[in-house]
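Single-structure report; data block below.
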Amino acid sequence: MEFNEYQEKANRTLYGNEQVLTNCALGLAGESGQLVDLVKDYTFKGKKLERQEMIHEMGDVLWYLSQIAEWADIPFDEVASNNIETLNKRYPHGFSHSK
């Protein structure tokens, strides 16, 4: 699925039109926290890292991020492309621990 297609399909489920940016930013923080909690529980409590739970939480993060982009009239493909350009400039030969 293309990012812009995802953004369009995700937008069908956005509720409300007031304070959308604030709601989505807070939702993004909350869902990111839930993903971090899965990693924390795996790392420090020895819990199993459930793939499906991770997919679910990453999907929630993706939804909120896409809706922030939608609110700002930024195509999600542009966000992804810009990030890859930044990574290519920062690490032109890929990331390496040695310089």
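Just so it is clear, none of the values below were taken in a lab; they were calculated from the coordinates. The model shown is predicted, which means the values in this text are computed figures rather than measured ones. Backbone-built Cβ (ideal geometry, glycine too); neighbour counts: all protein chains shown.
The table below gives the values:
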item: Net charge dipole size for segment 3-90 [Lys, Arg +1 and Asp, Glu -1 on Cβ; Debye, nearest 20]; result: 480 debye
item: Residue-wise HN-Hα coupling along segment 62-67, computed from phi with Karplus coefficients 6.51, -1.76, 1.60 (Hz; x: Gly, Pro); result: 4, 4, 5, 4, 5, 7
item: Extension gain, ALA80 back to ASP41 (0.36 nm per residue minus Cα-Cα distance, nm); result: 11.1 nm
item: Sites excluded, chymotrypsin sites (Phe, Trp or Tyr not before Pro) in DSSP loops with at most 15 other C-beta within 10 Å, longest stretch of the chain; result: 16-94
item: Where the Cα pairs of the chain fall when distances are cut into 10 Å bins, in %; result: 14, 33, 33, 18, 2
item: Positive dipole terminus of the chain, leading residue within VAL61, GLY30, GLY94 (C-beta point charges); result: GLY94
item: Residue-averaged 222 nm ellipticity for the chain, from DSSP H runs of 4+ at -39500 (n - 2.57), nearest 500; result: -24000 deg cm²/dmol
item: At most 13 other Cβ within 10 Å, DSSP loop - GluC sites (Glu not before Pro), segment 13-98; result: GLU18, GLU50
item: Mean separation of Cα contacts under 8 Å (6+ apart) over length of segment 3-90, as relative contact order %; result: 45 percent
